Amino acid sequence: MVKWGPVIVGFILAIILSNLGVYINPYWGSNLGLFIAGFIVGYWVHEGFFGGLWNATVAGAFGSILLAIMLVVGGTIFGGLAGFAATFVAGIGIVIVSLILNIVFMGVGGAIGGLISGND
């Protein structure tokens, strides 16, 4: 079950920590930030391995879906129907790639955090 409080906070932490991580190392710093945000979400939900994995992945997916929606709205405003079509196709690609990356980095961090915190 998704706990929306930790998911929203995890979404905000993912944005902040991945941007701060780039200053540490430009190559893998953003992925480290996503991992730490996922770990915090997984630890916070206290639902074990799969609960931490699921909630951290939903937090990352929330960000990618929000990005795709903003991309489609901006493309429609500036490009009309052609901009809508182009950004809709690009938005689907962004969501798919972002979901895979979030499952790998935030999900693994959330699973480890959930495993450490255990079940309540």
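The values are calculated or read from the model by the stated rules, or taken from the named source; none is laboratory data. A quick note: this is a predicted structure, and the numbers were derived from the prediction, not measured. Please note that ligands, DNA and RNA were not included when accessible areas were found on the heavy atoms of the full protein model with its side chains. Shrake-Rupley method; radii C 1.70, N 1.55, O 1.52, S 1.80 Å.
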Highest-MSF residue in the chain out of 54, 28, 44 [GNM, Cα springs under 10 Å]: 28
Send over the Kirkwood Rh of region 16-90, from the inverse of the averaged 1/r over different Cα pairs, rounded to one decimal Å. 14.1
Gain on full stretching of the segment that runs from residue 85 to residue 2 - 0.36 nm per residue minus C-alpha separation: 26.7 nm
Ordered by residue, what ³J(HN,Hα) values in Hz, to whole numbers, does region 92-99 give under the Karplus form 6.51 cos²θ - 1.76 cosθ + 1.60, where θ = phi - 60° and Gly and Pro are x? 5, x, 5, 5, 5, 5, 5, 5
Can you send over the carbon and sulfur percentage of the accessible area for the chain, probe radius 1.4 Å, protein chains only? 82
Hey, what do the phi angles of region 77-88 turn into as Karplus ³J(HN,Hα) couplings, whole Hz, using 6.51/-1.76/1.60 and θ = phi - 60°, x for Gly and Pro? 5, 8, x, x, 5, 5, x, 4, 5, 5, 6, 5
Gain in span if fully extended, residue 94 to residue 20, counting 0.36 nm per residue against the direct Cα distance: 24.5 nm
What do you get for the angle between helix 108-117 and the principal long axis of the chain? Use alpha-carbon atoms, 0 to 90 degrees, nearest ten. 30
With angles folded into 0 to 90 degrees, how steeply does helix 29-45 sit against the dominant principal axis of the chain? Use alpha carbons for both and round to 10. 60
Just how much of residue 98 is accessible, in Å², when a 1.4 Å probe is used and the result is rounded to the nearest 10? 30
Distance between Cα centroids, region 23-81 to region 87-116: provide it in whole Å. 6
Listed residues 39, 49, 78; largest mean-square fluctuation, Gaussian network over the chain with Cα springs below 10 Å, found at 78
Å² per residue, accessible surface of the chain at 1.4 Å: 57
Gaussian network model of the chain, Cα within-10 Å springs - most flexible of 63, 33, 75: 75
Using 0.36 nm per residue of separation minus the Cα-Cα distance, give me the extension gain between residue 77 and residue 28 in nm, one decimal. 14.2 nm
